[in-house]
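The values are calculated or read from the model by the stated rules, or taken from the named source; none is laboratory data. Every value quoted in this text rests on a predicted model; they were computed, and no experiment measured them. Positions of Cβ are generated from backbone atoms using ideal geometry, with glycine treated the same way; all protein chains shown enter the neighbour counts.
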Amino acid sequence: MKYENIHTSVRDAVAIVTLNRPKVLNALSHDMMTELADAVDGFEADDAIGVILLTGNEKAFAAGADIAEMVEKTSVDMYMSDHFARNWERISKCRKPIIASVAGHALGGGCELAMMCDIIICADNARFGQPEVKLGVLPGIGGTQRLIRAVGKAKAMDMCLSGRTMDAREAERAGLVSRVYAADVLEVEAMKLAAEIAGMSRPALYMIKEAINRAYETTLSEGLHFERRLFHAAFAMQDQGEGMRAFLEKRAPEWTHS
Ligand code: DAK
């Protein structure tokens with residue numbers, strides 16, 4: 001597929017996907033989301049890739065779904081075009097770690113897209129919000145569900161009911177983002193983090209991601225059980241022996257991802 005709304009590149013086992021509709025603050029159109037889903041398909045299947053880094057530009061990660069595209073839709077249009085949702089959900093179904101590197105606006109679908117990723121890091125100019133209430137609607141692709149899990153009920157209600165935004169520091173304090181950087185170093189730091197994670201054992205990364213995500217869906221005792229089973233399974237991996245031997249031999253591990 002030839003991409004017109006995103007840009008992709010590969011560096012050090014990291015696939016970098018850049019949302020690229022700067023004139024509309026990276027408003028997430030159907031075509032853009034189709035391209036993004038296609039890129040994730042390709043990078044997930046590519047053994048050379050360990051991590052996907054999703055980013056925008058210095059003014060916007062994404063200012064939401066494309067309002068111009070939605071304005072004339074009917075309820076039946078939205079309900080029937082479920083493929084629209086499938087493109088979005090592709091991100092949260094990816095087994096490889098995805099890092100969202102956010103500068104500027106991450107609003108509505110932009111905030112929801114970032115929350116579908118595994119880690120959000122951001123620039124000090126980042127602003128997160130679910131302003132759909134101001135458009136007479138509500139968040140439609142996880143805003144009411146993932147935000148409460150990230151920041152708790154008080155802030156999720158506050159943001160979704162008032163449509164206010166959260167700046168980078170508040171987002172870090174609230175647990176929505178894991179790291180905040182000065183805007184001019186975000187790109188370098190995001191790449192450093194992505195390359196560091198991409199340098200780990202792939203099956204270990206998959207297991208960690210799966211176990212953490214399981215915590216959203218299950219009870220503590222079931223989650224602990226699931227984690228323990230994966231931990232036992234990890235001892236069938238060559239990377240387990242290699243990682244532990246390398247530590248004792250004071251050398252860097254050589255992962256075979258097996
Ligand atoms: N859609 C379309 N165009 C947008 C846009 C958006 N979300 N955000 C900005 N733009 C366009 C503006 O119309 C403007 O275009 P021109 O007038 O130059 O042609 C250009 O980007 C620059 O924007 P501004 O002139 O407004 O720039 P400012 O710096 O003054 O303001 C702003 C920046 C981010 C505060 C403002 O643009 C803004 O409030 N934007 C809208 C934010 C918003 O309401 N986002 C939520 C959209 S609703 C679902 C999937 C997704 C969704 C739901 C369901 N399913 C799969 C079920 C998601 C829904 C949403 O995200």
Quiz item: Which members of segment 116-134 meet the condition of being within 9 Å of the ligand (Cβ to nearest atom) and outside any helix (DSSP H, G or I)?
Solution: Arg127, Gly129, Gln130
Quiz item: Within segment 132-155, how many residues are within 20 Å of Ala100 (Cα to Cα) and either of a type outside the set (A, V, I, L, M) or free of Cβ contacts under 8 Å to residues at least 24 places away in the same chain (or both)?
Solution: 9
Quiz prompt | Only one of Ala15, Ala27 that is among the hydrophobic types (A, V, I, L, M, F, W, C) and either at pLDDT below 95 or under 23 Å from Glu132 (Cβ atoms) (or both) | solution = Ala27
Self-check item: Residues located in segment 237-251, provided they are surrounded by 11 or more Cβ atoms within 10 Å (Cβ to Cβ) and either in a loop (DSSP other than H, G, I, E, B) or among the acidic types (Asp, Glu) (or both)
Solution: Met237, Asp239, Glu242
Practice problem: Would you point out the residue of segment 63-77, among those that are without any contact (Cβ under 8 Å) to a residue 40 or more places away in the chain and part of a helix (DSSP H, G or I), that is nearest to Tyr181 (Cα to Cα)? | Solution: Met70
Exercise. Keeping to segment 91-115, report how many residues are farther than 18 Å from Leu147 by Cβ and in a helix (DSSP H, G or I).
Key: 1
Quiz item: Which residue pairs have Cβ atoms under 6 Å apart, sit 6 or more places apart or on different chains, and have a first residue in segment 194-210 that is part of a helix (DSSP H, G or I) and a second that is of a type in the set (Asp, Glu) and surrounded by fewer than 18 Cβ atoms within 10 Å (Cβ to Cβ)?
Solution: Ala195/Asp12
Self-check item: Any hit, segment 80-90, residues being surrounded by fewer than 24 Cβ atoms within 10 Å (Cβ to Cβ), in a loop (DSSP other than H, G, I, E, B) and more than 8 Å from the ligand (Cβ to nearest atom)
Solution: yes
Practice problem: Scan segment 135-153 for residues that are more than 15 Å from the ligand (Cβ to nearest atom) and within 26 Å of Tyr181 (Cα to Cα) and jot them down. | Solution: Ile148, Arg149, Ala150, Val151, Gly152
Practice problem: Starting from residues that are of a type in the set (Ser, Thr, Tyr) and without any contact (Cβ under 8 Å) to a residue 60 or more places away in the chain, keep the ones in segment 78-112 and report whichever is nearest to Val180 (Cα to Cα). | Solution: Ser92
Quiz item: Say we look at segment 1-43 and pick out the residues that are within 16 Å of the ligand (Cβ to nearest atom) and in a loop (DSSP other than H, G, I, E, B); which of these is nearest to Arg90 (Cα to Cα)?
Solution: Ser29
